Amino acid sequence: MVKLNMVEAINLALREEMERDDRIVILGEDVGREGGVFRVTDGLQARFGDERVVDTPLAEAGIVGTAMGMALYGLRPIAEIQFDGFLYPCLDQITNHIGRIRNRSRGRFTCPLVIRVPYGGGIHAPEHHSESPEAILAHTPGIKVVIPATPNEAKGLLLSSIRDPDPVIFLEPKRIYRAIREEVQEGDFTIPIGKARLVQEGRGVTIIAWGAVVREVLNAVEELKGNKIDMEIIDLRTISPMDVDAIITSIRKTGRAVVVHEAPKTCGLGAEIIALINEKAFLSLQAPIERVTGFDIPVPLLKSEHYYLPNPQRIVAAVKKVMSF
Amino acid sequence: MSLFEDYYSLKGKMFQMLKPDGTLYSEMGAPLNDQETLQLYQRMVFIRLADQKALMLQRQGRMGTYAPVWGQEACQVGSAHALQKGDWVFPAFRELAASLMMGIPLKTIYLYWMGDEEGSRAPEGINVAPVSIPVGTHPLHAVGVAWAAKIKGDKTVTIAYFGDGATSKGDFHEAMNFAGVFKTPTLFFCQNNQFAISVPRKIQTASETIAQKAIAYGVDGIQVDGNDLFAVYTATKEAVDKARSGGGATLIEGVTYRFGPHTTADDPTKYRTDEEMEPWKPLDPLVRLRLYLREKGLWNDEVEKRLTEEAQKEIDRVVKEAEAVPAPEVEDIFKYVFAEMTPQLKEQMEYLKETLA
Ligand SMILES: Cc1ncc(C[n+]2csc(CCOP(=O)(O)OP(=O)(O)O)c2C)c(N)n1
Ligand SMILES: [Mg+2]
């Protein structure tokens, strides 16, 4: 096994899968010669040529719209949208076409493609480079939304996403692109889409998170050491379709929960998760569920970004509140 | 014949006035008098140094990511000089020069890149929109403002600055089309600096020039030497006058070169060699103007030294001022979202304050 960070793990997954499957085409801005602004596609154009790793004109709707066409014709396109904030012009294509074509054509036309997007804040980037649009995407019928939280997870989940018969948006938490280095399984290994990961078992309270904040949750666990709070941590890793069973099973055991996400609070996925718990495990609850989230504001510029991001301190406070109810 | 007929974009001619050696192309006189020219040169020296300072501040961890204007000063100074004070400017993210020319204080520009929201606040009476990072989205706003001015019967002109990469975006085409259909007093100023990050201009479009795209929208288009202050000024002035007198929009392609990295987060050695840059170096817009002024007896080493020292002093003073601005308060991220803070935002703000207490 090799130790890799998330950028390297995704690069490896792409490289290996392109060796196995010559239907794969990578397209996006700066993905070729430069190897991507985060170097995720580094070396791939040199290896596979500029027909399979393509620098496109600067046009996000163009990238995903043509990716859909490629997928219709039997290729397996992997589109890169350079940053979260530039995904928005793609929503027309994603919502009106990519997510609907299977249903509209009664299964005659399908569109298995992957749209990779570095997302989220915390890297002191300029405006529009720190968005967490996952709830909008999860709210869109016909597409799956996958978010890895570690390098090994990224590799296994990406391979599943590429092989999935349906369109997958693969959100990469850019804040932890290089923050975690861990052993990554070599070769052909997949992690199923739609299954949550039990990060830590516990009986006292369930913490539900995904993406970069999983690490913040683990930091909160550190801070709570000695408090005798028995925490169970669930990394959802697919937010659509969500692993409802994993959530409910855990709630039945703990009776308490905190949901953590970086996206704004209102209509964030926290709301959906709490509604699901109400529907399926209401009588197991021993305390109201807490949310630790971003705020209903544009993500601030770098001097104020720390105000916005959920941090261990806020998570600790929420856990204590839930435990003391 | 108007400039735009003379340089009709299918003729494949680029409009130039000042040769790289600082002499004028035959018969055409200079469009600006000596004093104005020297003043604009002085602004360009200031801008070059303010830009370099930003790069340095970023390297020292005193500023966030920054997109330098280095090499594109003539495009921005020449075009902005052709505008009037109340005109509306929609910059992309590389417009330090145009913004300064229109009256945005350097301190404001620095604050923006230092990550302070106050850096997006234009002073009253100065109609420069905040930086637009989503590429190619803002030309539509320039068309909208121009259209509104036309509806209201005002003589306001608008200009959108954007790059070669931006011309690939759908929004750019929608903006050009609306400007053509509604004959809005809008200038589309494309700084073709040959790259969109690593992607070269020829991958961006199969059109021979960017200026040609105007034809399809029934709008005038002209390609100018973007490192030639006189040509940029003259073409923009003509487009501004035309727009103000009801003649509609113009697309100006300024052919230039980005001397610096795309932003401070970029490593250009990944996609371009020093040899590629070599032919552009003698075409530096400042060098050309300096040669012109020297010929006129208006420039020498002494003058350069004085302009540089004056600029440096002012820039250092501004940096000090910008760095002395206190860190933003919690309220600052909540209070401008709506005219009146919603109950949700109030609750979230109170909660945040508690967690910080
Ligand atoms: C819609 C959108 N996509 C991608 C980006 C990331 N990005 C920032 S600048 C840039 C290249 C812009 O090229 P160009 O329009 O030529 O302007 P230049 O940077 O050369 O001034 C890219 C891809 C962005 N800011 N907005
Ligand atoms: Mg460019």
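The values are calculated or read from the model by the stated rules, or taken from the named source; none is laboratory data. Here the structure is a predicted model, which is why all the values come from computation and not from measurement. A quick note on method: Cβ atoms are made from the backbone with ideal geometry, for glycine too, and the neighbour counts reach across all protein chains shown. Remember, those area values only see protein heavy atoms, side chains included, never the ligands or the DNA or RNA. Shrake-Rupley method; radii C 1.70, N 1.55, O 1.52, S 1.80 Å.
Mind pulling the angle between the C-alpha long axis of helix A:312-323 and the longest principal axis of chain A? Nearest 10 degrees, somewhere in 0 to 90.
50 degrees
Taking every eigenvalue of the Cα gyration tensor of the stretch B:246-294, multiplying by 5 and rooting it, what semi-axes result, largest first, whole Å?
Numbers: eigenvalues 139, 83, 20 Å².
Calculated on Cα positions only, the semi-axes equal 26, 20, 10 Å.
Could you tell me the extents of the stretch B:1-156's C-alpha atoms along the three principal axes, largest first, rounded to whole Å?
Taking the Cα atoms of the stretch B:1-156, the three principal extents are 50, 44, 31 Å.
Given 10 Å bins starting at zero, what is the percent of C-alpha pairs of the stretch B:1-53 in each, up to the one with the largest pair distance?
Here the calculated profile for the stretch B:1-53 is 19, 34, 31, 14, 1.
Starting from the coordinates of the alpha-carbon atoms of chain A, obtain the Kirkwood hydrodynamic radius over all distinct pairs and give the value in Å to one decimal.
Details: mean 1/r = 0.0499 Å⁻¹.
For chain A, inverting the mean 1/r across all distinct Cα pairs yields 20.0 Å.
Can you compute the radius of gyration and Dmax for chain B, using only the Cα atoms, both in Å?
Expressed in Å, the Cα Rg and Dmax of chain B come to 20.9, 72.
For the protein assembly as shown, I need the span (max minus min coordinate) of the C-alpha atoms along each principal axis, in Å, sorted largest to smallest.
That gives 88, 57, 51 Å along the principal axes, largest extent first.
List the residues of the stretch A:5-47 that lose 20 Å² or more of accessible area once all protein chains are present, compared with their chain alone (1.4 Å probe, heavy atoms only, no ligands or nucleic acids).
A:30, A:33, A:34, A:39
Between the stretch A:295-322 and the stretch A:88-135, how many Å separate their Cα centres?
Value for the Cα centre distance between the two parts: 26 Å.
On average, how much accessible surface per residue is there in the protein assembly as shown, in Å², for a 1.4 Å probe, leaving out ligands, DNA and RNA? Each step should come with its number before you reach the end.
Working: 27440 Å² over 682 residues.
That works out to 40 Å² for each residue.
Report the one residue of B:293, B:180, B:28 whose Cα lies farthest in the direction of the positive end of the charge dipole of the stretch B:3-326 (charges on C-beta: Lys and Arg +1, Asp and Glu -1; origin at the Cα centre).
B:180
At the nearest 100 Å², what buried accessible area, both sides summed, do you get for B and A when the probe is 1.4 Å? The partial results should precede the final answer.
Working: alone 16710 and 14010 Å², together 27440 Å².
Summed over both sides, the interface buries about 3300 Å².
For the protein assembly as shown, what is the charge dipole size about the Cα centre, in debye to the nearest 20, if Lys and Arg each add +1 at the Cβ and Asp and Glu each add -1 at the Cβ?
Magnitude of the dipole: close to 1180 debye.
Taking Cα pairs under 8 Å and at least six residues apart, what relative contact order does chain A come out at, in percent?
16 percent
Test of understanding: express the Cα radius of gyration of the stretch B:68-198 as a ratio to 2.2 N^0.38 Å, with N the residue count. Before the final figure, lay out each step's value.
Numbers: Rg = 14.1 Å, N = 131, 2.2 N^0.38 = 14.0 Å.
Compactness ratio reported: 1.01.
Of all the accessible heavy-atom surface of the protein assembly as shown, with the other protein chains kept in place and a 1.4 Å probe, what percent is carbon and sulfur? Numbers along the way, then the final one.
On the way: 14300 of 27440 Å².
After summing per-atom areas, the C and S share lands at 52 percent.
Run lengths n ≥ 4 of DSSP H only: what is the helix-derived mean residue ellipticity at 222 nm for the protein assembly as shown, with -39500 (n - 2.57) per run over all residues, to the nearest 500? Don't skip to the answer; put the middle values down first.
Numbers: 26 runs with 268 residues, N = 682.
Using -39500 (n - 2.57) per qualifying helix, the result is -11500 deg cm²/dmol.
Between A:267, A:111, A:90, find the one with the highest GNM mean-square fluctuation for chain A; connect C-alpha pairs within less than 10 Å.
Most flexible of the set in this elastic network: A:267.
Which residues of the stretch B:50-66 show a drop of at least 30 Å² in accessible area when all protein chains are present, compared with their chain alone (probe radius 1.4 Å, heavy atoms only, ligands and nucleic acids excluded)?
The answer is B:65 - residues whose exposure falls by at least 30 Å² when every protein chain is included.
Tell me, what are the semi-axes, in whole angstrom and largest first, of the equivalent ellipsoid of the stretch A:141-246 as set by the roots of 5 times the Cα gyration tensor eigenvalues?
Numbers: eigenvalues 128, 52, 27 Å².
Computed over the stretch A:141-246, the values are 25, 16, 12 Å.
Taking amide H positions as placed in the peptide plane 1.01 Å from N, state which residues far from residue A:76 in sequence (5 or more) or on other chains have amide H under 5 Å from it.
A:24, A:25
Shielding by partners for A:123-129, please: the mean number of other protein chain Cβ atoms within 10 Å of each residue's Cβ.
Numbers: counts 2, 4, 5, 12, 10, 6, 3.
For this peptide, the per-residue mean of nearby foreign Cβ atoms is 6.
Report, as a whole number in µm² per second, the diffusion coefficient that Stokes-Einstein gives for the stretch B:219-341 at 25 °C and 0.890 mPa s using the Kirkwood radius over alpha carbon pairs.
Working: Rh = 19.5 Å.
My calculation gives 126 µm²/s for D.
Which value, in debye to the nearest 20, describes the size of the charge dipole of the stretch A:2-184 about its Cα centre when Lys and Arg Cβ atoms bear +1, Asp and Glu Cβ atoms bear -1, and nothing else is charged? All intermediate terms of the calculation are to be shown ahead of the outcome.
Working: 22 positive and 26 negative charges, 124 e Å.
The dipole magnitude comes to about 600 debye.
Would you kindly work out the equivalent ellipsoid of the stretch A:2-184 from its C-alpha gyration tensor and give its semi-axes, the square roots of five times the eigenvalues, largest first in whole Å? Each step should come with its number before you reach the end.
Working: eigenvalues 107, 71, 50 Å².
The equivalent ellipsoid of the stretch A:2-184 has semi-axes of 23, 19, 16 Å.
With +1 on each Lys and Arg Cβ and -1 on each Asp and Glu Cβ, how big is the dipole of the stretch B:76-153 about its Cα centre, in debye rounded to the nearest 20?
Numbers: 6 positive and 6 negative charges, 54 e Å.
In total the dipole reaches around 260 debye.
Looking at the stretch A:197-323 from every direction and averaging, what is the projected area of its Cα convex hull in nm²?
On the way: hull surface 29.4 nm².
Computing the convex hull of the Cα atoms and averaging its projections yields 7.3 nm².
Would you be so kind as to list the residues of the stretch B:131-145 that have their accessible area lowered by at least 30 Å² in the full protein complex compared with their chain by itself (1.4 Å probe)?
Hits at the 30 Å² cut-off: B:133, B:134.
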